[in-house]
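A quick write-up on the structure given underneath.
The values are calculated or read from the model by the stated rules, or taken from the named source; none is laboratory data. A quick note: this is a predicted structure, and the numbers were derived from the prediction, not measured. FYI the Cβ positions are ideal-geometry reconstructions off the backbone, even for glycines, and counts take in every protein chain you see. What goes into the accessible areas is simple: the full protein's heavy atoms, side chains included, and nothing from ligands, DNA or RNA. Shrake-Rupley method; radii C 1.70, N 1.55, O 1.52, S 1.80 Å.
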Amino acid sequence: MIPRKPFLDALVTALTPQDVLVSCLGANARWLPHMTVPAPVFALCDSMGAAIPLALGIALTRPERHVVALEGDGSLLMSPNVLATVAAACPSNLTCVLWLNGHYESSGGQMLPGAPVDWGALARASGIGHVATVAEPAALAAALAAARKAAGPALLILPIAFDPAEEIPPYSERPEDITARFRL
Amino acid sequence: MSGAVAIVRGLEDAGVTLAASVPDTWIGKIMAAVRASAKVRAVDVAREEEAVAVACGANLAGGRGAVLIQNAGLLNCGGILAGLVELYRLPCFFIVSLRGDHRDPVYYHAPKGRVTEATLQAWRLPHALADGKGDLAAQVKRGVEFSVESRGPFVLLVSGEDLA
């Protein structure tokens, strides 16, 4: 299994200035300020489970932008109900990207409850019509392109290796500065 | 004009574009009026914390979001109020049904009624009780404007009597 960073690099490369990126708390949010992201970024440092509904509010308000929401399996396990909420609102300009590593990485790497959740099946059963698993970074651009063309919201599932030795940078932006900078 | 319609008029007057909601009996009456509005989009969510995030997303994107939930749901929202609304300095206007006060005859709401205003005080959430005999639309508009200007939350507590 491939670690996180190559996937994040591939995702950022596939974004355009017309996209909007919303990240849940944790490693992705901590990496993004150190990367050149062509789209506006709103990164959380708290509030597990907030990234997808936050992105939904943006997507419904700005239908001309494509909104990409990054969420971890720990966060989504806490609030899987949001899949039904997204399906009900049915924005075609929202792609959720689910990072699966089976751990609460940002709180010390504790394991998630040991249930073999089938996220693709859960998403489909909740009404998300476009679901795809992306096994390698090289496939991410095409997967995102297909998600953009979907008639409704999409979910891309990225199984990644949990690497307790990954040198994740600390949070480097203050939340109110993130809000002040975020302009569409 | 019913109180529910007046509340939605206030949302419209304040430029609210999106109302995210988990309904109860009372909030459902307001959401029925929202669905009749040409200016405010109704967004049905599964959990109250989602409603907060959806409304904040609308605000970040240049719209104006509002959250319409019961007080039971507001009591669920301590984490996201602290970790999103307060931390990121985001406007977030709430209309919350105040179940369980002396005007609410349903016994099982009483425990929520006893703790709601104390919780709002403890969480330092600016709030007001709606005055159904006054101008509800103006009260709503003032609440929205307060949340926008203060870049934070404001909670307007409504009772079933206010909606008639």
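Computed from the alpha carbon positions, the gyration tensor of chain B leads to an equivalent ellipsoid with semi-axes of 21, 19, 14 Å, biggest first. Interface B-A: total buried accessible area of about 1900 Å², 1.4 Å probe, protein heavy atoms only. For residue B:94, the residues 5 or more places off, or on other chains, whose built amide H falls under 5 Å of its own are B:67, B:154, B:155, B:156. Of all DSSP beta bridges located in the range A:1-118, what percent are antiparallel, nearest 5? Bridges in the range A:1-118 that DSSP calls antiparallel: roughly 10 percent. Calculated accessible area for the range B:34-150 comes out at 43 Å² per residue, all protein chains present (probe 1.4 Å; ligands, DNA, RNA ignored).
For the protein assembly as shown, a simple Cβ point-charge model (Lys and Arg +1, Asp and Glu -1, everything else neutral) yields a dipole of about 720 debye relative to the Cα centre. Sorted from greatest to least, the principal axis extents spanned by the alpha carbons of the range A:4-108 come out as 37, 32, 19 Å. In terms of overall dimensions, the range B:85-140 has a Cα radius of gyration and Dmax of 13.3, 39 angstrom.
Amide H contacts of residue B:42 (H built 1.01 Å from N, in plane; Pro and chain starts excluded): B:19 sit under 5 Å, all sequence-distant by 5 or more or on other chains. Using all pairs of distinct alpha-carbon atoms, the Kirkwood hydrodynamic radius of the range A:1-66 works out to 12.5 angstrom.
Here the accessible area is traced with a 1.4 Å probe on the protein chains. For chain A, carbon and sulfur cover 57 percent of it. Across the range A:32-184, the convex hull enclosing all Cα atoms gives 121 Å³ per residue.
What's the long-distance tail for the range B:25-65, i.e. % of Cα pairs beyond 14 Å? That fraction is 55 percent. Built from the Cα atoms of the range B:1-79, the convex hull projects on average onto 5.0 nm², one quarter of its surface area. Note that the range A:95-184, at 10 °C in a medium of 1.306 mPa s, gets a Stokes-Einstein diffusion coefficient of 102 µm²/s from its Kirkwood radius over C-alpha pairs.
Would you list which lysines come within 21 Å of residue B:39, measuring only between C-alpha atoms, while excluding same-chain residues fewer than 8 positions from it? Leaving aside lysines fewer than 8 places away in the same chain, those within reach of residue B:39 are B:29, B:141.
When DSSP beta bridges are restricted to pairs lying wholly in the range A:98-184, around 20% turn out antiparallel. Net charge of the neighbourhood of residue B:131, taken over other residues with C-beta under 12 Å away and scored Lys/Arg +1, Asp/Glu -1, is -1. With both residues required to sit in chain B, DSSP beta bridges show an antiparallel share near 0%. Roughly what percent of Cα-Cα pairs across the protein assembly as shown reach past 39 Å? Considering the protein assembly as shown, 15 percent of its Cα-Cα pairs are separated by more than 39 Å.
The share of C-alpha pairs in the range A:80-143 whose separation exceeds 17 Å stands at 52 percent.
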